1. Can you tell me the relative contact order of the range A:1-86? Whole percent, Cα pairs under 8 Å, sequence separation 6 or more.
2. Using the 2.2 N^0.38 Å rule of thumb for compact globular proteins, work out how the range A:1-58 stacks up: its C-alpha Rg over that value, please.
3. So for chain B, considering every pair of alpha-carbon atoms, how many percent are separated by more than 24 Å?
4. Roughly how big is chain A's charge dipole about its Cα centre, with Cβ charges of +1 (Lys, Arg) and -1 (Asp, Glu), in debye to the nearest 20?
5. Using the Karplus curve 6.51 cos²θ - 1.76 cosθ + 1.60 with θ = phi - 60°, what ³J(HN,Hα) values do you get for each residue of the range A:21-32, in whole Hz, with x for Gly and Pro?
6. How fast does the range B:47-115 diffuse by Stokes-Einstein, in µm²/s, taking the Kirkwood radius from C-alpha pairs at 4 °C and 1.567 mPa s?
7. Using only the alpha-carbon atoms, what does the range A:26-115 span along each of its principal axes? Please give whole angstrom values in decreasing order.
8. Specify which residue in the list B:Tyr64, B:Asn26, A:Asn67 is farthest towards the positive end of the charge dipole of the protein assembly as shown, using unit charges on the beta carbon of Lys, Arg (+1) and Asp, Glu (-1), about the Cα centre.
Amino acid sequence: AQKVTQAQTEISVVEKEDVTLDCVYETRDTTYYLFWYKQPPSGELVFLIRRNSFDEQNEISGRYSWNFQKSTSSFNFTITASQVVDSAVYFCALRELYNTDKLIFGTGTRLQVFP
Amino acid sequence: DGGITQSPKYLFRKEGQNVTLSCEQNLNHDAMYWYRQDPGQGLRLIYYSQIVNDFQKGDIAEGYSVSREKKESFPLTVTSAQKNPTAFYLCASSINTGATYNEQFFGPGTRLTVL
C-alpha cells in the first residue's frame with residue numbers, strides 16, 4: 001500500500017540553525033514522483049520540489065537541499081541557516097505511475113524558527 | 001496574474017445547511033482537485049476532475065458533491081449529510097493528470113466552520 005510518513009510532528013529551532021525534515025514513503029510501484037510542499041500560515045500550499053524515482057541525485061536550491069535514497073525509501077529535506085520566514089508546515093507527497101490521479105500526502109511537519 | 005482563487009476565505013454554516021465553496025483557476029489546467037485538511041493531518045482527497053463534465057470520487061467523498069461545467073471552475077458543495085464538515089478546504093489544479101511528474105498548484109483555501 002502507498003503511504004507517506006513524516007514522523008516529526010513539530011520541530012523548533014533558533015534562527016541560523018540547520019534543520020532536517022524527514023520523509024519516508026511506501027510504494028509498490030517502481031516509477032513514482034516525490035514532492036515537497038510548504039504551507040505558510042496563510043494556508044496556501046507552495047510547491048518546492050519534485051523528484052522522480054530514477055534520479056537519486058541530491059538537489060540544492062539556495063538554503064534548501066533534498067536527499068533522496070531509494071534504499072531507505074526516504075526523501076529528506078534540509079534547510080541550512082534557517083530563517084524566521086521558513087516557519088511553516090512542510091508536506092511530503094507521493095504520486096505513483098499507475099495511480100496518477102492521486103497525490104498522497106504525509107501528515108506534515110510544523111517547523112517553528114525563533115529569532 | 002495566473003493562479004487559483006477560492007472564495008470565501010472564511011465560511012460559517014449552521015447545521016443542516018448546504019454550502020458551496022468556489023474554486024476558479026486561470027492556468028488553463030485540465031485537472032482540478034478538492035482536498036480537506038484537518039489539524040495535525042495531511043490532505044485528504046475529496047473529489048477530482050480530469051475534464052469538463054466529468055469527475056471522480058476521492059477518498060472521502062461522502063457528504064460532498066461537485067460539478068465541472070467549465071474548465072476554469074470546480075465548485076464544491078458541502079451537504080448536510082457531511083457529519084463533521086468543519087475543516088480547511090483546499091482546491092488544486094494541474095496541467096494533465098496523465099503525467100506522473102506534474103505538480104499540483106493550490107489555492108489559498110477556505111476555512112469552513114459549522115456552528
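Taken together, the values in this text are just the output of simple stated rules run on the coordinates, not laboratory data. Every value quoted in this text rests on a predicted model; they were computed, and no experiment measured them. Cβ coordinates were reconstructed from backbone atoms using ideal geometry, including for glycine residues, and neighbour counts include every protein chain displayed.
1. 33 percent.
2. Dividing the Cα Rg of the range A:1-58 by 2.2 N^0.38 Å gives 1.34.
3. Taking all Cα-Cα pairs of chain B, the fraction more than 24 Å apart is 18 percent.
4. 160 debye
5. Each residue of the range A:21-32 in turn: 9, 8, 9, 10, 10, 10, 7, 9, 8, 8, 10, 7 Hz.
6. So the translational diffusion coefficient is about 98 µm²/s.
7. That works out to 43, 26, 18 Å along the principal axes.
8. Sorting the options by dipole projection puts first B:Tyr64.
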